[in-house]
Amino acid sequence: MSSASLRLTFLALGAAGLTPPLQAAVDFEKQIFPVLEAKCLGCHSAPHMEDGKMKKPKADLRLDAAWAMLKGAESGPSLVPGNLAKSYMYEVVTLPKDDDMFMPPKGDPLTEGEIKLLKEWIESGADFGGWKGNMEGAPQEAATPAVAKVREHEVFYKKLEEGVKPADAAAMEKAKAAGVQLATLKMDSALLRADFLTGVSKCTDESVTVLLPLKENIAQLDLGRTVITDEALKTVAQFPRMASLDLRQTKVTDAGLKSLSGLKNLQNLNLFGTEVTDKGVKELAAIKSLKTVSLFQTKATAAGVKELTDAIPGIKVTLK
């Protein structure tokens, strides 16, 4: 079946009430930029005159152009397509509000819905569409490395999707009834992103089992801030195409991480705010596909991180 036919089939099923409508890919210009414009660009735009004075971007960070986000500032890239753990612009808006680095420091913070959209946009490759933004000060080579990274990300997911059939409509209905939010990674994709963000306090180990009939389709799973335990990871371990897993601020421990050793496609793992120690970090060494791991505010140490980076060359680990 062609991609066009597949799309028409899904639309027909949705109209008939046989499957929950899936979210389309996040549109940067319509859904992300308005948030940045309202809550970030006041402090992070190109130098300009304001009230008779030259106003420069704070921390030398600009968010008013695609090239500027990819370039970042002294703290590193503010955006790395497909890599949530290395995207500083996401990290600072999800920190505790009393953290010195929480953004924005004044005014209204990003809402849960806005953060969710930003997360989905970055994880799906941070596609700007045709938007370029303010090109003032842009070096000619600024976009070149990013293009390569985006292509690598796209190649990975294209290969991951090979042979995957569209998700079962009945299984999707059941998951939706259990509080799961589902979205395709991109238009016409058979790969899904799943989360329980509208009911994190109700998401238990048992809740996660409702996703088992969709295990061949789920590539990204956000269980952050839910009440799951290590038991839930036994279920997650059965998802062969799991590429991005968010376990931030959950009760998972070292014992649970051992269950994940068989996830051969797992690239990004967020363990922020968990009780994980160096013992658990050692278990991660078996997952050679890992590219990023966030251990911020865990009990892991620099020694444990070094052991992991030695075991998986090129892996990026955030500890502080």
In debye, nearest 20, what is the charge dipole magnitude of region 242-311 about its Cα centre with +1 on Lys and Arg Cβ and -1 on Asp and Glu Cβ, if you could check? 120
Please list the radius of gyration and Dmax for the chain, considering alpha-carbon atoms only, with Å as the unit. 20.0, 62
Under 24 Å from the Cα of Lys56, which lysines turn up, not counting those fewer than eight places away in the same chain? Lys39, Lys71, Lys106, Lys132
Mean residue ellipticity at 222 nm from the helices of the chain, using -39,500 (n - 2.57) per DSSP H segment of n ≥ 4 over the full residue count, to the nearest 500 deg cm²/dmol? -8500 deg cm²/dmol
Normalised by the residues of region 28-155, what does the relative contact order come to in percent, with Cα pairs under 8 Å and at least six apart? 27
Straight-line reach only, C-alpha to C-alpha below 20 angstrom: list the lysines that Lys306 could link to, leaving out same-chain residues fewer than 8 apart. Lys86, Lys258, Lys279, Lys282, Lys288, Lys291, Lys316, Lys320
Test of understanding: express the Cα radius of gyration of region 28-155 as a ratio to 2.2 N^0.38 Å, with N the residue count. 1.03
Under the definition of Cα pairs under 8 Å and six or more residues apart, what whole-number percent is the relative contact order of the chain? 12
Given charges at beta-carbon only (K, R positive; D, E negative), |dipole| of the chain in Debye: 400
In straight Cα distance, which aspartates and glutamates are under 20 Å from Lys234, not counting same-chain residues fewer than 8 positions off? Asp195, Asp205, Glu206, Glu216, Asp222, Asp246, Asp254, Glu275, Glu283
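No value in this document is a laboratory result; all are computed from the given coordinates. Predicted, not measured: the structure shown is a model, and the values here were computed from it. Here the Cβ is made from the backbone with ideal geometry for all residues, glycine too, and neighbour counts use every protein chain on show.
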